[in-house]
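The values are calculated or read from the model by the stated rules, or taken from the named source; none is laboratory data. Quick caveat: nothing in here was measured; it's all calculated off a predicted structure. Glycine gets a Cβ as well: all are built from the backbone with ideal geometry, and neighbour counts include every protein chain shown.
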Amino acid sequence: MLLYILTGIVSFLVLWWMFAQSMWMENNADRIPWLLKPFAYVFIGFFLLGDALWNILFGTLLFQQWPDIHKGMNFSNATLSHRLRQILLGDTDIEKMDKRYRVALFICQYCIEPWDKNHCGLEDLK
């Protein structure tokens, strides 16, 4: 169990680093040399795959709910960002002080939003 928890933490940190790099690449696409752009797209593809896998393997236990992957064949439903948006802005009956809501808010405020403004839709909460 301890190994699973440590793996989840380390993989989250790696995923967070990949997210920051992907957002930099997206916002500075015109500054990336044309020769390196294919590598950037492959990197972003690995990030998205890792994001979906982390959401399914570790996010399920962290948020104590299944990911929203059953709604159509849209890959974006499997990502952590989709789950966070669903928890923060969704039509669910989650109270504002619920553990899921607080964890999602923390991840969005301190790990995601500094790199991509309104990625989780926090501006819609205000």
Residue check for Phe106: surrounded by fewer than 17 Cβ atoms within 10 Å (Cβ to Cβ) and at pLDDT 90 or above: yes
Number of positions in region 101-114 that are under 19 Å from Asn55 (Cα atoms) and either touching a Cys at 6+ places or on another chain (Cβ under 6 Å) or part of a loop (DSSP other than H, G, I, E, B) (or both): 3
Residue, modelled with the highest pLDDT, within region 69-85, restricted to residues that are outside any helix (DSSP H, G or I) and surrounded by 13 or more Cβ atoms within 10 Å (Cβ to Cβ): Thr79
Any chance Asp68 is of a type in the set (D, E, K, R) and within 19 Å of Pro114 (Cα to Cα): no
Region 109-126, subset surrounded by 14 or more Cβ atoms within 10 Å (Cβ to Cβ) and at pLDDT 90 or above, residue nearest to Ser22 (Cα to Cα): Ile112
Number of positions in region 21-61 that are buried (at least 16 other Cβ atoms within 10 Å of the Cβ), in contact (Cβ under 8 Å) with a residue 24 or more places away in the chain and over 29 Å from Met1 (Cβ atoms): 2
